[in-house]
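Here the structure comes first, spelled out in structure tokens, and everything after it is commentary.
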Amino acid sequence: MDRRYFLSAGLVGIGSLLTGCRNKQFAQITKPGQPDMVASHQAGAETFTPLVQESVAKLLGRQAASAQITPVSYGGAEEIPAPRKRICFVAVENKSAEEVGDFKDQLYQIIDTKILESQMFEPVSKRYVDAGLMETRLRPDQLFLPENMRVFTGFMEQAGQPFDYLLYATITSGTTRENQEFQRDYLLTLELVNIRTGQAEKESATITKTYHKSRVGRWFQSKA
């Protein structure tokens with residue numbers, strides 16, 4: 001047999017074998033009601049989704065209890081609902097031990113949408129908020145300085161987007177380690193600040209997730 005033919009055939013066979021051994025990636029749609037996949041190395045949908053639901057529900061529940069939105073009557077005429085307070089949602093701050101990646105923008109949109117659906121507040125569009133911060137060259141954490149607040153609110157008013165409250169969402173974590181295993185407590189805090197009085201209200205939610213290592217593999221569990 002020709003030596004060159006033998007080597008060529010052998011290489012083709014090896015290539016076919018390696019191709020057949022490649023891992024294949026596949027996916028499936030998670031149907032409503034099915035549990036989220038639990039991330040093995042850091043927080044994922046199974047952590048962030050319930051954190052958002054609980055913290056937003058607490059915040060809106062407190063506002064409803066304080067009866068900030070009441071109907072207004074003018075001279076015996078039909079009652080007209082008071083205008084909704086406007087919220088400027090400025091940032092989702094990640095101060096946890098993990099990178100949150102694309103969850104950061106998703107968390108912003110989910111929280112913003114839930115506040116809008118509550119019909120208690122009217123959020124300012126994120127596009128206006130981003131434009132305002134960019135034009136005034138301010139970071140969200142700098143808005144607590146009176147001069148910076150005046151500059152930012154002035155720009156937003158000129159853009160036709162006045163607001164009554166600032167809203168911050170902050171993700172933090174605390175880690176407890178035991179050898180190669182560890183527990184991580186995730187906390188999502190919503191802080192609502194009245195720009196006229198400076199009064200701040202906070203609501204938060206927490207989830208504890210434990211990570212375990214073994215010689216065979218890794219397993220983990222999550223609990224509220």
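Observations on the structure shown:
- GLY75 being exposed (fewer than 14 other Cβ atoms within 10 Å of the Cβ), modelled with pLDDT under 90 and farther than 30 Å from THR208 by Cβ: yes
- Filter result (modelled with pLDDT of 95 or more and of a type in the set (D, E, K, R)) within segment 140-149: GLU147
- If you go through segment 105-127 and pick out every residue that is charged (D, E, K, R) and under 21 Å from PRO162 (Cβ atoms), you end up with 4.
- Where strands (runs of 3 or more DSSP E) fall wholly inside segment 97-195, the ranges with 3 or more residues that are in contact (Cβ under 8 Å) with a residue 24 or more places away in the chain and surrounded by fewer than 18 Cβ atoms within 10 Å (Cβ to Cβ) are 165-178, 181-194.
- Residue match in segment 92-109 (condition: modelled with pLDDT under 90 and of a type in the set (Lys, Arg)): yes
The values are calculated or read from the model by the stated rules, or taken from the named source; none is laboratory data. Since this is a predicted model, take the numbers as computed values, not measurements. When we count neighbours, we look across all protein chains shown, and the Cβ atoms used for this are built from the backbone with ideal geometry, even at glycine.
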